[in-house]
Each structure stands twice: as structure tokens, then as C-alpha cells.
Amino acid sequence: MGNSPAKPMKKFQYYWNCVWDDPVVLRRMNGWLTVQWGIQVIAVSFSKSMQTSVRYLIVVTIVTAFLSQLANWQAARVEVRQAESDARLEALLEALTAANHLGEVDVPPEPEGS
């Protein structure tokens with residue numbers, strides 16, 4: 001009986017989560033969206049002769065400020081993830097080093113009477 005509405009939504013959520021977890025994809029997406037937005041704003045502004053409009057300048061300024069804040073937020077988010085990843089790697093290396101040192105030490109077996 002076809003796909004239920006929940007199934008495509010789950011696929012969308014899966015791909016959306018994959019995109020949000022990959023900093024490389026986010027950087028590329030941010031770059032392409034910025035280029036596309038810039039081209040569209042220039043085309044619309046020339047076609048409507050809006051370059052001299054104060055409202056147009058205000059809107060462009062607000063959108064630019066918003067996009068720069070979004071880019072800064074994303075960069076900070078990536079740095080936090082990298083720091084968390086580095087901390088996990090450091091803890092793993094310390095655990096492996098400790099396990100390696102424990103394996104090299106000859107620990108006498110406990111006496112059976114204790």
C-alpha cells in the first residue's frame with residue numbers, strides 16, 4: 001500500500017542528522033548557500049532597481065549579520081566537537097598505555113589461603 005508518511009520523514013531525519021554531524025558537508029553547504037544567496041540578491045536588486053532603497057539596504061544588512069552569526073556559531077560548534085573528540089582520544093590513549101604497562105608488570109598470583 002505504498003510508503004506511509006512516517007517512512008519518508010524518517011529518511012529525511014536520518015539524512016538531516018548525517019549532514020549536521022559532518023563539518024565538511026556543513027562548510028560546503030554554507031559556502032554554496034552563501035554564493036547562491038549573493039547571486040539571487042544581486043539579480044533581484046538589479047531587476048527591481050532596489051539599490052537606492054533604504055529598506056533594501058536594511059534587509060541586506062540584517063540578513064548578512066544573521067548569516068555571519070550563523071557561520072560563527074557553526075565554527076564554534078565544530079571546535080567543541082573537535083575538542084570532545086580530542087579528549088576522548090586522549091583518554092583512550094591513556095587507558096591503552098595503562099593497560100600496556102599493566103601487561104608488562106609481573107603480578108604474582110594471590111596465595112590460595114587468603
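General remarks:
- Any chance V60 is over 16 Å from the mean Cα position of the chain (by Cα), at pLDDT 75 or above and surrounded by 10 or more Cβ atoms within 10 Å (Cβ to Cβ): yes
- Scanning the range 18-52 for residues that are of a type in the set (S, T, N, Q) and in contact (Cβ under 8 Å) with a residue 24 or more places away in the chain gives N30, T34.
- Checking R77 against (1) modelled with pLDDT under 80; (2) exposed (fewer than 13 other Cβ atoms within 10 Å of the Cβ); (3) part of a helix (DSSP H, G or I), the condition it does not meet: (2)
- Checked against (1) without any contact (Cβ under 8 Å) to a residue 40 or more places away in the chain; (2) surrounded by 10 or more Cβ atoms within 10 Å (Cβ to Cβ), R55 passes all but a single condition, namely (2).
- Summed over the range 24-46, the residues that are at pLDDT below 80 and surrounded by fewer than 11 Cβ atoms within 10 Å (Cβ to Cβ) give a count of 2.
The values are calculated or read from the model by the stated rules, or taken from the named source; none is laboratory data. From a predicted model like this one, the values you see are computed outputs, not experimental measurements. Backbone-built Cβ (ideal geometry, glycine too); neighbour counts: all protein chains shown.
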